[in-house]
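*Asks:* I have a structure here, written as structure tokens, and I will follow up with some questions on it.
The values are calculated or read from the model by the stated rules, or taken from the named source; none is laboratory data. All figures in this text were calculated on a predicted structure; none of them were measured in a lab. Here the Cβ is made from the backbone with ideal geometry for all residues, glycine too, and neighbour counts use every protein chain on show. Areas reflect the complete protein model, heavy atoms only, side chains present, ligands, DNA and RNA absent. Shrake-Rupley method; radii C 1.70, N 1.55, O 1.52, S 1.80 Å.
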Amino acid sequence: MTGLARKLSLWNYFALGFGTMIGTGWVILMDDWLGRGGPLGAMIGFLLGGILLLPIGYVYGQWVRRLPDAAGEAAYTAQVFPPFVSYLTGWMMLLAYFIVCPWEAVALGKLASYIFPQLDAVELYRVAGQPVFLPRLLVGIALTVFLSYLNYRGIRASAVFQNWATSSVLVVFLLLVIISVHGGSAANFKPVFAHSPLVSILLALQIVPYFVTGFESVPKVAEEAHPGFPPGNFFKAIAMALLVGAGFYVLAVGAVSYIAPWQGLLNKRFATAIAFEQGTHSVWLVRLILGISLVALFQVFNGNFVAASRLLFAYGRRGTIAPAFAKLHPVNLTPKVAIFAVAAGTLIGLLLGDSLLVPVTEVGSMAAALGWFAACISFFMVESRTGLRAVAALGMMVSALLILMKLVPAIPGHFTGAEWIALGVWLAIGLLLHRRAKTAA
């Protein structure tokens, strides 16, 4: 049977993992991060998140060496759990990737309207009190169509795009950090926490899973490694993406809080750009930030699009949803039906507008942590060596705590009613697709 094209290198995998996690959140949602934790609370939250997730990354590195399957968590849990449990686990992980696609499509319109205010015209309707404007909607649709076509053409085209975008984001970001160090002041950091130290760190840590989801996207395209790719390089790519990504967020919070007083940035759109404008009085620098934000948006949209489409393809191949999702393009060797499905779902989510942004962060965090927990517990059950089981147990503990932080009502920042509804709708869609596949079989 014809398989996926085998084209990817170590740098391609790093660019995919890093690019899947680093989008526009550090520009669009910086005020939310600072409001949660303050400068030090947010920085510690992201730093702790990156370190605590290393055992989980190691488990994924071990899994992908043993089982290079695009189904990822669904394939891992299938080794020890009943098929239905495996399917639900994979379906939840698909949510963590897919939900980023409409998020970024909406974010593009939001970012474009900041540069071109005339885009905030022709209001079509409102969702949860937030207006949906026609020009913004058209911008998001255009990006979705472009990336869908890029993925349809082949994994190589997508990988080249991802490499270019990742390199550009890293170079410009390092420039911003240097400018902040040169022109900022430590006095802008005060107070260092938004609430008490523990609550500040906890509120920041709760959203870390969503913003660092991406390192585990590497196994989703493991079948597309070039011939002769060393299996150990999968974990190298995962660790690089995780550490560089977490470090990126730590430095982003630090740079913004150092260049301008952070409390004046709360409830401000594009707080990162505003901070550098206040600190440097430079219009070109603001334009540079907004420009690189567009590049970052494209890379994270593309990375999550790739991961989501490969998961759908793998589920179709396994027969847990309609086999049509497993169809490959005869020339490009891309999962064409899965790509079209992700594109269609993105366009539907795009219709929700700005009301989608913050709730998506919360639901995506829990979904990612659940997938990590499933991968770790499955590895713990199949592994016999004590040392590796200890690493898996640590990963289980970390991911379980991240899940509980969103589900337990007594913990600040837990799920609201709207987020429970969104989660319920996603599970209902998954159950419907699974039941139809079983009926057809």
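*Asks:* For segment 259-295, which positions are within 21 Å of the chain's Cα centre (by Cα), at pLDDT 85 or above and surrounded by 24 or more Cβ atoms within 10 Å (Cβ to Cβ)?
*Replies:* Ala271, Thr272
*Asks:* Then there's this: Conditions: (1) over 16 Å from the mean Cα position of the chain (by Cα); (2) touching a residue at least 40 places away in the same chain (Cβ under 8 Å). Gln206 meets all but one. Number of the miss?
*Replies:* Of everything listed in (1) over 16 Å from the mean Cα position of the chain (by Cα); (2) touching a residue at least 40 places away in the same chain (Cβ under 8 Å), Gln206 misses just condition (1).
*Asks:* I'd like the residue in segment 64-87 that is of a type in the set (D, E, K, R) and open to solvent by 40 Å² or more (accessible area, probe 1.4 Å) and, out of all such residues, is farthest from Phe235 (Cα to Cα).
*Replies:* Going through segment 64-87, the residues of a type in the set (D, E, K, R) turn out to be 65-66, 69, 73.
Next, only the ones that are open to solvent by 40 Å² or more (accessible area, probe 1.4 Å) stay: 65-66.
Details: Arg65: 9, Arg66: 12 Å.
The selected residue is Arg66.
*Asks:* Of these, Ala275, Ala246, Ala271, which one is closer than 30 Å to Leu10 by Cα and in contact with a helix residue (DSSP H, G or I) (Cβ under 6 Å, 6 or more places away or on another chain)? Talk me through it step by step, then tell me what you get.
*Replies:* Working: Ala275 fails: closer than 30 Å to Leu10 by Cα; Ala271 fails: closer than 30 Å to Leu10 by Cα.
Criteria check complete, one pass: Ala246.
*Asks:* Of Gly61, Gly37, Gly41, Gly90, which residue is within 18 Å of Gly364 (Cβ to Cβ), in a helix (DSSP H, G or I) and open to solvent by less than 30 Å² (accessible area, probe 1.4 Å)?
*Replies:* Gly90
*Asks:* Go through Ser309, Ser378 for me and flag whichever is in a helix (DSSP H, G or I), more than 22 Å from Leu150 (Cβ to Cβ) and either free of Cβ contacts under 8 Å to residues at least 24 places away in the same chain or touching a helix residue (DSSP H, G or I) at 6+ places or on another chain (Cβ under 6 Å) (or both). First the steps, then the outcome.
*Replies:* On the way: Ser309 fails: more than 22 Å from Leu150 (Cβ to Cβ).
When all the criteria are applied, what remains is Ser378.
*Asks:* Which of the residues spanning segment 93-117 are outside any helix (DSSP H, G or I) and either among the polar types (S, T, N, Q) or surrounded by fewer than 24 Cβ atoms within 10 Å (Cβ to Cβ) (or both)?
*Replies:* Phe116 - this is the single residue of segment 93-117 that is outside any helix (DSSP H, G or I) and either among the polar types (S, T, N, Q) or surrounded by fewer than 24 Cβ atoms within 10 Å (Cβ to Cβ) (or both).
*Asks:* Kindly provide the set of residues from segment 171-199 that are surrounded by 15 or more Cβ atoms within 10 Å (Cβ to Cβ) and under 20 Å from Gly247 (Cβ atoms), ordered by number.
*Replies:* Val172, Phe173, Leu176, Val177, Ile179, Ser180, Gly184, Phe189, Val192
*Asks:* Determine, yes or no, whether Gly23 is part of a loop (DSSP other than H, G, I, E, B), within 30 Å of Phe276 (Cα to Cα) and modelled with pLDDT under 90.
*Replies:* So Gly23 passes the test.
*Asks:* Can I ask one more? Filter segment 44-58 for residues that are among the aliphatic types (A, V, I, L, M) and crowded, with 21+ Cβ neighbours inside 10 Å and give the result.
*Replies:* Passing the criteria: Ile44, Leu53, Ile56.
*Asks:* List every residue pair whose Cβ atoms lie under 8 Å apart, where the two residues are 6 or more positions apart in sequence or sit on different chains, the first residue falls within segment 152-164 and is farther than 14 Å from Asn304 by Cα, and the second residue, located anywhere, is of a type in the set (D, E, K, R) and part of a helix (DSSP H, G or I).
*Replies:* Tyr152/Lys336
*Asks:* Hey, another quick one. Considering only segment 312-335, state which residues are free of Cβ contacts under 8 Å to residues at least 40 places away in the same chain and not in a helix (DSSP H, G or I).
*Replies:* Once the filter is applied, which keeps residues that are free of Cβ contacts under 8 Å to residues at least 40 places away in the same chain and not in a helix (DSSP H, G or I), segment 312-335 yields Lys327, Val331.
*Asks:* Let me ask you something else. It is to be established whether one or more residues within segment 411-422 are surrounded by 17 or more Cβ atoms within 10 Å (Cβ to Cβ), touching a Phe, Trp or Tyr at 6+ places or on another chain (Cβ under 8 Å) and part of a helix (DSSP H, G or I).
*Replies:* The answer is no, given that none of the residues of segment 411-422 is surrounded by 17 or more Cβ atoms within 10 Å (Cβ to Cβ), touching a Phe, Trp or Tyr at 6+ places or on another chain (Cβ under 8 Å) and part of a helix (DSSP H, G or I).
*Asks:* Can you tell me which residue is surrounded by the most Cβ atoms within 10 Å (Cβ to Cβ) among those in segment 315-341 that are polar (S, T, N, Q) and under 22 Å from Leu150 (Cβ atoms)? Write out each step before concluding.
*Replies:* Kept after step one, since they are polar (S, T, N, Q), are these residues of segment 315-341: 320, 332, 334.
Imposing the further condition that a residue be under 22 Å from Leu150 (Cβ atoms) reduces the set to 332, 334.
Values: Asn332: 17, Thr334: 24.
By that ranking, first place goes to Thr334.
*Asks:* Let me ask you something else. Residue by residue through segment 129-157, note down the ones that are among the small types (Gly, Ala, Ser), open to solvent by less than 30 Å² (accessible area, probe 1.4 Å) and over 21 Å from the mean Cα position of the chain (by Cα).
*Replies:* Across segment 129-157, the qualifying residue is only Gly154.
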